[in-house]
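The values are calculated or read from the model by the stated rules, or taken from the named source; none is laboratory data. All figures in this text were calculated on a predicted structure; none of them were measured in a lab. Because the Cβ atoms are built from the backbone with ideal geometry, glycine has one as well, and the counts that use them run over all protein chains shown. These area figures cover heavy atoms from the full protein model, side chains too; ligands, DNA and RNA do not enter into them. Shrake-Rupley method; radii C 1.70, N 1.55, O 1.52, S 1.80 Å.
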Amino acid sequence: MPRHVAIIMDGNGRWAKKRMLPRFVGHRKGAGAVREVVRESARRGIEVLTLFAFSTENWQRPPEEVSALMQLFLDALRRERDTLHENNIRLRVIGDRSRFAAEIQAAIDEAERLTANNSGMVLNVAANYGGRWDILQAVRRFCAEGGTLDSLDEAALAGHLSTAGLPEPDLMIRTGGEHRISNFLIWQLAYTELYFTDVLWPDFDAVAYGEALADYARRQRRFGRVEADDA
Ligand code: IPE
Ligand code: IPE
Ligand code: MG
């Protein structure tokens, strides 16, 4: 069982298009899949779940779609906060939140504060997140704290990333059929097992998730070493 699962939740638009529905209906349906995957992850004892909800590149979508996504994000923060708390889940939003509207920033603060002391699963929601942004902000903060070139090493950099203190993802799942990282956790995914499925995000349920986890269980992770049997 992976300790940390990271997911690129892709395919909402195509899910809607197939049904001749507007894209935001796909996003709304996708929010339901988020709920199911969060519940299933906690049930299976996953320690950290990181969900890619909105990338730094997604601002380039039509303004109506961006506002629909922002509204969904705000609704979800307000609606799910108490359920997350009841389930002992710690919510963290990773990404540059300064670009969000004040009410979204307030809802993020509120949900994070409410769940801050929970000891169960950590749920990272990557919003206005980009892997390149993450590395840059880490280096900038390191320097701002007086970090010197001599003391900059992999641990120091990792310790300033938005995922600092958490294990690196063991499994990265991308739904929706594309085989790319799209500026997700580029530093953190260095040794992660990758799983791609054609299932569109709104259709990704506990069964599809179980298949991904079963696939992961069959993988042999070597981290550059030889197989244990040959050592
Ligand atoms: C993923 O679904 C959701 C976000 C990126 C916010 P898409 O909206 O990218 O769906 P497709 O890829 O167009 O089908
Ligand atoms: C990646 O999906 C971002 C999220 C799921 C939030 P995109 O749909 O934005 O990625 P591309 O454009 O296909 O690379
Ligand atoms: Mg997409």
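Over the chain, the ratio between the Cα radius of gyration and 2.2 N^0.38 Å evaluates to 1.03.
The 3J(HN,Hα) values that the Karplus relation (6.51, -1.76, 1.60; θ = phi - 60°) gives for the range 55-69 are, in residue order, 8, 4, 8, 5, 5, 7, 6, x, x, 5, 5, 4, 5, 4, 5 Hz. Gly and Pro appear as x. Around the amide H of residue 50, modelled in the peptide plane, lie the amide H atoms of 5, 6, 7, 124, all under 5 Å away and 5 or more residues distant in sequence or on another chain.
Think of it as helices only: each DSSP H run of n ≥ 4 in the chain is worth -39500 (n - 2.57), and spread over all residues that comes to -13500 deg cm²/dmol at 222 nm.
Using +1 at the Cβ of each Lys and Arg and -1 at the Cβ of each Asp and Glu in the range 38-85, identify which of 74, 59, 85 lies farthest towards the dipole's positive end. Checking the options against the dipole of the range 38-85, the answer is 85. Summary of packing: across the peptides 15-22, 3-10, 70-77, the per-residue average of other C-beta atoms within 10 Å ranks them, highest first, as 3-10, 70-77, 15-22. Note on the range 131-231: the alpha carbon radius of gyration divided by the globular reference 2.2 N^0.38 Å gives 1.34. For the range 41-133, the per residue solvent-accessible surface stands at 49 Å², with DNA, RNA and ligands left out and a 1.4 Å probe. If the segment from residue 227 to residue 140 were pulled out straight at 0.36 nm per residue, it would be longer than the present Cα-Cα gap by 27.4 nm. Taking the square roots of five times each eigenvalue of the Cα gyration tensor of the range 85-164, the equivalent ellipsoid has semi-axes of 26, 16, 10 Å, listed largest first.
Here is the tail figure for the range 1-129: Cα pairs spaced more than 17 Å apart come to 58 percent of all pairs. By accessible area, using a 1.4 Å probe on protein heavy atoms only, the chain has 50% of its surface on carbon and sulfur.
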